[in-house]
Structure formats: C-alpha cells, structure tokens
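What follows is calculated from the coordinates using simple rules that are stated; it is not laboratory data. These numbers were taken from a predicted model, which means no experiment stands behind them. Cβ sites come from the backbone with ideal geometry, for glycine too, and all protein chains shown count toward neighbours.
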Amino acid sequence: MAEADEIIIKYNEPAPLDHLIWFATEKCKPEQRLVIDFDFVTILLIDEIAGRTYNEEEKQKRFENEIEKFVALKEQHSNIAIKIYLTFNKIMSDFIQSLKVNKIAFFLNDLPRTIAEVDALVKYGVSDIYIANYLGFNLTDIRRIAENVNIRVYPNVAQNSPICDLVDELDNSIKTFFIRPEDLEVYEDYVDIIEFYGAIDKQDVLMNIYKDGYWMGNLNELILDFKEDINCMNLMPDFGFYRLACGHRCDLGKCNYCDISKSLAAELKAKDIYIKKERKDRTNEYNANEESSFNDGAEAI
C-alpha cells in the first residue's frame, strides 16, 4: 500500500472523524491520493433497513454531518476525493453541490456509454471519469474532451458491451477492451489512473506486474473474463497502439488487426517464438491520433 499512488477505502457506514483522520495521516503518505468510496444509498438507508425511518430533514442532516467530516478531513490530508454511487434525488444533488462549494473532488462510479455522457460528466464538474467497454477504443478523442479530468481505466478485465456479451462467441476476447502491461506506456498520455479490478488480495501482485511492464504468461491468467488461450508474449509490440484510437471499427468491417494478431500469435506459439517488449521512451515513435490510427491499415500488417 505504501507504493500505491492512490488508496481507495470502502465507506458504507458513518465513521467517526478521528478514525478517518487517523487513517489519512497514519496509513497514507501526504502525496498519496485517498479516495473514499462513499456508498450513498447504504448510508442513507442503514437505519431504515433496521426499522428506523427518517424524514427528509433528518436525512439531510445526516449528510450534512458527512460533509462536515470530509471538510475536516481535507484540512488534514488535502489530496482526497469522494467516489459516489449515483442516485437521482434532491439529497444527492445537494450533497454534490456541497462538495463543490467546499472544493472537495468527487466522481461517480457510473461507466459512461457514449462520448456525450463523457462530455456531460466533464461539465458536471467531476474530478475523474471511468472509461470502459468500447469507449476504451476512443481514448484520444476522450482525452481532448476531458483534458482536465482524470481518466480512469480497469486494465485487467476484458470489457465488452453487456448486450454484445449475450451473443459474442468465446473467441472474441481479443476484441474486448483491456490493457496489457506491455502496452501501458502507450496509454500514459491518455490515461491518468489504472484501477485494478478484482479481489483485494490480488492488488499488490497486479501492481507489481504492471510496474514491471510485461507478462510472460497467457492473457487469460492475467485478464479477468479473457476466454482465449493467447500468450501475452506472442502478440506484437504495437498491439496497444493500434487499439488506442481505433473506435472498434472492426464492427464496420474496416479493420481486422485483432484477428490478424491472434492468428500471428498462434503461429509464433507453434514455432516457440516469444517477444518480450522492453519499456522505452516512445514519445517520438508514435503520435496516436485519428490520422495515424485510422489510415495505417492494419490489414497490411
């Protein structure tokens, strides 16, 4: 935990202020960002579930108390953010407005599905936006829209549209959104925070793998829900670059790079050939934008 840039804590019941301050000052370094994963609905209903109901005024008071805690916490550890489970009601709107007034960073746990939703979140004033599923193939456009917002991704899970999951065959994992450790440097100009998906006891292992910048095993051993048998070291070094801004145009029959990559990976594996990509400064090597990503025909590779 001491090596992480950001620490997320679950907050699903009201905690005493001194407990929060203790954790922020004793367990976190000053430069580490502390994200409070604030379960708005659970805290609101925690006593109602037990049979105690509150009127709107009492509910408002409960959340004013939480705001006061976060204001005091920020005075002790300035680098904090509140992650909120979105609900549509007046208390939620007032709560977020209070965060804005007190200049406390906040973001939503929701995953936008369109560029328009990304733009709406930026205008709403969030500090971070989760980019997942097919929007992960539009990161250069999203970076321009969300220039001053942290872009967050889950690199270690194969992400697909829930509807597409209903009909996709098992051999389409290569076309889902995920990021290999080898490709992380390609995403550095477009992604600010990688948040590992899955069990807490795997977090340190995943952090070490992605910091090392390579994975010497099969992708289905590293990437959750990846269903194909493809060794990470059988994929080409430019795999991440060609997916960075492709817009998933394979859906329109305009690209087959991922299919070619899978076929080539099988040939390399059959010949016992493996590629270990070394981390290096690629600033001058690639400039991922619409022109380069859309006109460098993957079919020709």
Could the peptides 240-252, 173-185 be put in order, highest first, of the mean number of other beta-carbon atoms found within 10 Å of their residues?
173-185, 240-252
Net charge (Lys, Arg +1; Asp, Glu -1) of residues whose beta-carbon lies under 9 Å from that of residue 219, residue 219 excluded, is -2
Can you give me the P(r) profile for the chain? Cα pairs, bins 20 angstrom wide beginning at 0, each as a whole percent.
30, 52, 17, 1
Between 0 and 90 degrees, rounded to the nearest ten: what's the tilt of helix 56-76 against the longest Cα principal axis of the chain?
70 degrees
Give me the number: length gained by fully extending residue 91 to residue 144, i.e. 0.36 nm times residue separation minus the C-alpha to C-alpha distance, one decimal in nm.
15.9 nm
If you fit an axis through the alpha-carbon atoms of helix 40-49 and take the longest principal axis of the Cα set of the chain, what angle between them do you get, 0 to 90°, nearest 10?
50 degrees
Of the listed links 123/202; 175/211; 227/271; 69/211; 29/90; 29/59, those spanning more than 32 angstrom between alpha carbons are 123/202; 69/211; 29/90; 29/59
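Where does the chain land at 222 nm, in deg cm²/dmol rounded to the nearest 500, when only DSSP H runs of n ≥ 4 count, each adding -39500 (n - 2.57), divided by all residues? All intermediate terms of the calculation are to be shown ahead of the outcome.
On the way: 11 runs with 105 residues, N = 301.
After summing the helix terms and dividing by the residues of the chain, the value is -10000 deg cm²/dmol.
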Could you pull out which residues in the range 25-41 have an amide N less than 15 Å from a spot 7 Å beyond the Cα of residue 2, following the Cα-Cβ vector?
26-32
Could you work out how far helix 115-124 tilts from the main Cα principal axis of the chain, as a 0 to 90 degree angle to the nearest 10?
30 degrees
Suppose each label sits 7 Å from its Cα in the direction of the beta carbon; what would the residue 201-residue 271 distance come out to in nanometres?
4.2 nm
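Quick check on packing: order 91-99, 32-40 by the mean number of other C-beta atoms within 10 Å, highest mean leading.
Values: 91-99: 16.7, 32-40: 20.4.
Those peptides, ordered most packed to least, come out 32-40, 91-99.
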Is the C-alpha gyration tensor of the range 121-192 telling us rounded, prolate or oblate? Criteria: a/c under 1.5 is rounded; beyond that, a/b larger than b/c is prolate, otherwise oblate.
oblate
